1. Just to be sure before I move on: is residue 158 within 14 Å of the chain's Cα centre (by Cα), surrounded by 17 or more Cβ atoms within 10 Å (Cβ to Cβ) and either in a helix (DSSP H, G or I) or without any contact (Cβ under 8 Å) to a residue 40 or more places away in the chain (or both) in the structure I sent?
2. So is residue 87 under 29 Å from residue 192 (Cβ atoms), buried (at least 22 other Cβ atoms within 10 Å of the Cβ) and touching a helix residue (DSSP H, G or I) at 6+ places or on another chain (Cβ under 8 Å) or not?
3. What is the residue count in region 135-152 for residues that are touching a helix residue (DSSP H, G or I) at 6+ places or on another chain (Cβ under 9 Å) and either part of a helix (DSSP H, G or I) or surrounded by fewer than 15 Cβ atoms within 10 Å (Cβ to Cβ) (or both)?
4. Give me the residue from region 19-45 that is crowded, with 20+ Cβ neighbours inside 10 Å and free of Cβ contacts under 8 Å to residues at least 40 places away in the same chain and, out of that set, farthest from the chain's Cα centre (by Cα).
5. Among the residues that make up region 63-73, is at least one of them part of a loop (DSSP other than H, G, I, E, B) and closer than 25 Å to residue 160 by Cβ?
6. Is there a residue in region 109-118 that is crowded, with 21+ Cβ neighbours inside 10 Å, free of Cβ contacts under 8 Å to residues at least 60 places away in the same chain and within 23 Å of residue 42 (Cα to Cα)?
7. Mind listing just one residue for me: the one in region 60-79 that is more than 15 Å from residue 13 (Cβ to Cβ) and in contact with a helix residue (DSSP H, G or I) (Cβ under 8 Å, 6 or more places away or on another chain) and, of those, surrounded by the most Cβ atoms within 10 Å (Cβ to Cβ)?
8. Looking at region 71-115 only, could you name the residues that are at pLDDT below 95 and farther than 27 Å from residue 155 by Cβ?
C-alpha cells in the first residue's frame, strides 16, 4: 500500500533562501523540511512506498510544488538543513511543463493545488486532516493521500478545493499537532495496520 503526504505551506518562499534562517525569512521552511523527513525516513532507511509533496504558496513566485519520491530519492539525509538544501536546488531549477526532475526522486512543478489533487486522486483516496474530522482509527485507509495545512492552517480558498476532492475529513483527535507530527502518527498507524 502506498502512502502520500501533502503539506500546504502558505508562507514558504518560492525562490532560493538562506539555509541559516529556515524559520524566519524562508517562511517556516523548517516545518516543510520536518514534514518531508517524517514522510520519508525511518531508522537507517527510506520508506520506499511513501511520497511527500510540499505546496509552496509564499512569495515571490507562488505556487511551486515539490515532490519527494521515497522509492527513487538519493543524496538526501533526514536533517532539516540537508532537505532545505535540496529544496533550494529545486527552487533554482528552470521549471517546464509538468514535473521537472532536479535530483533522483526530487521534482518541482508550477501546477496549482487543484491540478495536484486531481493527479493524486488517481493514486489513492484523499483524506483531509482537520481536528473536527472523523477519528482516523475507524477509517479504512486505501492508498491514502493525506492533506494537511501548516502552522497557519489552510486558506478558505484552498479548503474549498480540498473538500471538492477529498474522500473524507479525518482527525487524529482534538490535540492540535504540527503537520510533521501528524505524519509520524499516521505512519505509525499505517505500519501497525500492515503488521496485522
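1. no
2. Spelling it out, it is not the case that residue 87 is under 29 Å from residue 192 (Cβ atoms), buried (at least 22 other Cβ atoms within 10 Å of the Cβ) and touching a helix residue (DSSP H, G or I) at 6+ places or on another chain (Cβ under 8 Å).
3. Total meeting the criteria: 3.
4. 27
5. Yes: region 63-73 contains one or more residues that are part of a loop (DSSP other than H, G, I, E, B) and closer than 25 Å to residue 160 by Cβ.
6. no
7. Within region 60-79, the match that is surrounded by the most Cβ atoms within 10 Å (Cβ to Cβ) is 68.
8. Residues satisfying the conditions are 75, 94, 96.
The values are calculated or read from the model by the stated rules, or taken from the named source; none is laboratory data. All figures in this text were calculated on a predicted structure; none of them were measured in a lab. Reconstructed Cβ throughout: ideal geometry from the backbone, glycine too, with neighbour counts over all protein chains shown.
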